[in-house]
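The values are calculated or read from the model by the stated rules, or taken from the named source; none is laboratory data. What you are looking at is a predicted structure, and each value in this text was computed from that prediction instead of being measured. Because the Cβ atoms are built from the backbone with ideal geometry, glycine has one as well, and the counts that use them run over all protein chains shown. For accessibility, only protein heavy atoms count, side chains too; no ligands or nucleic acids. Shrake-Rupley method; radii C 1.70, N 1.55, O 1.52, S 1.80 Å.
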Amino acid sequence: MEPLKTVNWGFIGCGVVTEKKSGPAFSMIDGSRVIAVMSRDKEKAESYAKRHNIPRWYSDPLELIDDEEVNAIYIATPPSSHATFAIMAMKAGKAVYIEKPMAASYEDCSRINRISKETGIPCFIAYYRRYLPYFQKVRKIIEDGEIGNVINIQIRFAQPPRDLDYNSTNLPWRVQPDIAGGGYFYDLAPHQLDLLQDMFGCILEAEGYKSNRGRLYNAEDTVSACFKFESGLPGSGSWCFVAHESAKEDRIEIIGDKGMLSFSVYTYDPIELHTERGKEEFCPSNPPHVQLPLIKNVVEHLQGKAICTCDNISATPTNWVMDRILSKI
């Protein structure tokens, strides 16, 4: 794909994630602007466009993709439609930036990868936490050898049900497997697994057990897993989305032979480093629009000024791991 002088973005989807986390960032980068937005709800698209000073809006994704001025597409819809819209956009010659997870299944990721390879059109995935100062600090502590040789990794995540989870007649799409790929595990575990694979390499073995303990919806609400990285490093994880408030936890522990490092993925609790020096805490601040560092890298890649490795190839293993844990493959 030839470098773009100006990246003219079109959004397919304009939900909550686009309001602050990502949407404003696209217009804060030199040579990048948002010129169109689409929602199947025309009033929602119009409202979003007017509030964010976007010149035009659509209610049909094909119309946005066919907009001759749009040369890059941001896909911010539920995972079940990611592959369809990404393939349509790439076949139209337009780069894509997809919300995480990359798709609702490893199989859909493979479809996206095939079209990206055939067309030569780049595809990027919104695993923006890799780029945030908080997680860059985690990486630096590990790379500096502060905890020595890493020997084990543990993920622990638990949260109570959300109010909407009790509404059996109108459940959130995130707990509908045909839309989300699974339950909350498929929505929240991707960031955790992506961060770890970005730091320690691909996970080549993964097994898991899933269960529905709360009976609030049909998707799994409790998951336990074990996995092994390409280096032989073992890890384990437990996720519960129907826990009592007292069990609420968001924690990853990296255990080394000279110390231990712990951090959160969603609450940004202080990073804790335990060594012979004692306990040290770090709390780097992140930008208001958390996707800005990654989006900047994506734009500069499309302009031929940089290389962004947060792409479909690096994101696919996360879907593979999740599908293995949930026994989907």
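Numbers at a glance
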| item | result |
| --- | --- |
| Near pairs, Cβ below 6 angstrom, 6+ apart or cross-chain, from segment 219-248 (among the basic types (K, R)) to any residue that is not in a strand (DSSP E or B) | K248/Q159 |
| Matching strands (runs of 3 or more DSSP E) fully within segment 260-329 where at least 1 residues are at pLDDT 95 or above and of a type in the set (F, W, Y) | 260-263, 278-282 |
| Filter result for the condition that a residue is within 18 Å of the chain's Cα centre (by Cα), open to solvent by less than 60 Å² (accessible area, probe 1.4 Å) and at pLDDT 95 or above, over D67, D108 | D108 |
| Index of the failed condition, V265 passing every other in (1) open to solvent by 40 Å² or more (accessible area, probe 1.4 Å); (2) under 22 Å from the mean Cα position of the chain (by Cα); (3) among the β-branched types (V, I, T) | (1) |
| Of all residues making up segment 124-171, the number that are open to solvent by 60 Å² or more (accessible area, probe 1.4 Å), hydroxyl-bearing (S, T, Y), in contact (Cβ under 8 Å) with a residue 12 or more places away in the chain and outside any helix (DSSP H, G or I) | 1 |
| From C202, C240, residue being more than 22 Å from G15 (Cβ to Cβ), surrounded by fewer than 17 Cβ atoms within 10 Å (Cβ to Cβ) and either of a type outside the set (K, R) or out of contact with any Leu (no Cβ under 6 Å at 6 or more places or on another chain) (or both) | C202 |
| Matching residues, segment 294-328, being closer than 16 Å to A126 by Cα and surrounded by fewer than 18 Cβ atoms within 10 Å (Cβ to Cβ) | I307, T309, I313 |
| Of all residues making up segment 14-31, the number that are small (G, A, S) and open to solvent by less than 10 Å² (accessible area, probe 1.4 Å) | 3 |
| Selection within segment 70-97 - open to solvent by less than 40 Å² (accessible area, probe 1.4 Å), in a helix (DSSP H, G or I) and polar (S, T, N, Q) | S81 |
| Hits in segment 7-47 - residues which are aliphatic (A, V, I, L, M) and touching a strand residue (DSSP E or B) at 6+ places or on another chain (Cβ under 7 Å) | V7, I12, V34, I35, A36, V37, M38, A45 |
| Residue, farthest from the chain's Cα centre (by Cα), within segment 33-50, restricted to residues that are open to solvent by 10 Å² or more (accessible area, probe 1.4 Å) and in contact (Cβ under 8 Å) with a residue 12 or more places away in the chain | K42 |
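This table checks each residue for (1) in contact with a helix residue (DSSP H, G or I) (Cβ under 6 Å, 6 or more places away or on another chain); (2) part of a loop (DSSP other than H, G, I, E, B).
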position	(1), (2)
G182	no, yes
D187	yes, no
K210	no, no
S224	no, no
G237	no, no
A243	no, yes
